[in-house]
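The values are calculated or read from the model by the stated rules, or taken from the named source; none is laboratory data. In this text, all values refer to a predicted model and were calculated from it rather than measured experimentally. Quick reminder, even Gly has a Cβ in these numbers, built from the backbone with ideal geometry, and neighbours come from all protein chains shown. Just so you know, the surface numbers come from the protein's heavy atoms only, side chains and all, with ligands and any DNA or RNA stripped out. Shrake-Rupley method; radii C 1.70, N 1.55, O 1.52, S 1.80 Å.
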Amino acid sequence: MLSLTALAQTKPKVVIVIADGIPADVIERLRPPAMQQIIKEGTYTRAHVGGNKGTYTETPTISAPGYNDMLTGTWGYKHNVWDNDNQHPNYNYPTIFRLFKTARPAGTTAIFSTWVENRKMLLGTGLPQTGNLAVDYVYDGFEKDTVRFPHDKASLYLHQIDDHVVNCADSVIRTKAPDLSWIYLEYTDDVGHSKGTGKEFDKAIGLLDAQMKKISDAIHYREANYKEKWLLVITTDHGRDSLTGSGHGDQSLRERTTWFILNKPVTNAYLKSAQPGIVDILPSVANYLNIDLPVAAKRELDGVPIIGPVSLSNARLGAAASRFTLKWKTFAPTEKLKVYITYTNHAKEGKPDSYKLIGTPLGGTQKFSYTAATLLKQPFYKVVIEGKNNTVNVWHVVKPTK
Ligand SMILES: [Zn+2]
């Protein structure tokens, strides 16, 4: 019992890093030494972005949509960020920063970022739509400071800014230990665009690796000296095209295939069974931080936790006339699930949907059929499967005929 008590007193902390635009094959070929050391103590997995290809969840393999997939645990059809410019995020799908602050108002958050819009637009700090979300430690906007970081043709200034935000993160982690931090680094994507995935790109990964060593060392320092346990998640927002590696945005395998590096070993059954998605980071981080997400948020999450216990994943819906068949993958065969339906999507406007319980199948059946006259001619409904450890959702969407 003593060890359990000690464990309960160990404060969980999370650092998420997005290093922009690095395909999985590059990380796997280079095996950068610092990242390799983190993997040795933790976990490496291939992952994906882009939603489910060819379905209503498909999302462009573009930077800002990728960041917002991670921040909201939903794909573009919900969070509504489709490009880097002219963004209109739907703040009714709350970010992990907002969910954390709501659950734990005294908890502290931090952002270290080479792109100020990550905070101002995607997190939406200080906006009424986000309940005036605040971030406690802010280090961003340096790309606007052309005196301190003059913009050179080779864009080395982006590397210098990345280095600067990493140094800030190093210092803040060591001295302030924020509960939830996001580090965003841009240089790798810039080199990718100008030089493709060749020697210059490999060099940029080397620079990134030194930065990751700094963050990992800061975390080791905290864990050695304080009653804290730190989860470090390093990932990317998209891969690159397979021809030269200079582009991205489409749905090719190399653009969709990303990776996660975690500093902790993971035994989660879902992670062992699938290539996770960037949307899985939010519920995983929530689990690690012991945050209970509101039911309404759980019912909209497109992610499945890769940390902690998991009930089910991969919900699919086959609908015809007054009947549908629902399928899923179980990780808890004896668990009784709850299946709900709603014909509205008020969640989009931040209002509640009224769900009706339509069945309680056992997890292990992995299949549930429902027949009701009300399904006839319904152009839209949402089905939610609630398990003990996580909730998944799937939509019935009839595409308008052109
Ligand atoms: Zn990007």
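Numbers below:
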read-out	value
Ordering of 68-79, 49-60, 199-210 by burial proxy (mean other Cβ atoms within 10 Å per residue, highest first)	68-79, 49-60, 199-210
Listed pairs 272/356; 336/356; 327/388; 78/298; 264/327; 40/229 exceeding 21 Å between Cα atoms	272/356; 264/327
Length-normalised contact order for the chain - Cα pairs under 8 Å, 6+ apart - percent	21 percent
Extended-chain gain in nm, criterion 0.36 nm per residue less alpha-carbon gap, residue 314 and residue 103	73.2 nm
Distant-in-sequence amide H partners of residue 228 (H built 1.01 Å from N, under 5 Å)	11
Contact order relative to length of the stretch 67-220, as percent, for alpha carbon pairs under 8 angstrom and 6 or more apart	20 percent
Residues residue 52 and residue 156, FRET efficiency given R0 of 25 Å [Cβ-Cβ distance, rounded to 0.05]	0.05
Accessible area of the chain belonging to carbon and sulfur atoms, whole % at 1.4 Å probe	54 percent
Computed label-point distance, nm, for sites residue 272 and residue 292 using a 7 Å Cα→Cβ extension	2.9 nm
Bridge type composition, the chain - antiparallel percent by DSSP, nearest 5	60 percent
For the stretch 312-397: relative contact order, % (alpha-carbon pairs under 8 angstrom, 6 or more apart)	37 percent
The chain: calculated mean residue ellipticity at 222 nm from DSSP helix runs of at least 4, using -39500 (n - 2.57)	-9000 deg cm²/dmol
Charge dipole magnitude, Cβ of K and R +1, D and E -1 - the stretch 312-397, Cα centre, debye nearest 20	140 debye
Unit charges on C-beta of K, R, D, E only; dipole of the chain, Debye	1640 debye
Heavy-atom accessible area ranking, 1.4 Å probe, most first, across 248, 220, 88, 238	88, 220, 248, 238
Positive-end residue, the chain charge dipole about Cα centroid, Cβ charges, pick of 150, 172, 74	74
Magnitude of the charge dipole, the stretch 1-103, Cβ model with Lys/Arg +1 and Asp/Glu -1, debye to 20	440 debye
Estimated vicinal HN-Hα couplings, Hz - the stretch 322-338 in sequence order (Karplus 6.51, -1.76, 1.60; Gly, Pro = x)	9, 9, 9, 10, 10, 10, 7, 10, 9, 10, 8, x, 8, 7, 8, 8, 10
Value in Å of the Kirkwood radius, where the chain supplies the Cα pairs that are averaged	21.8 Å
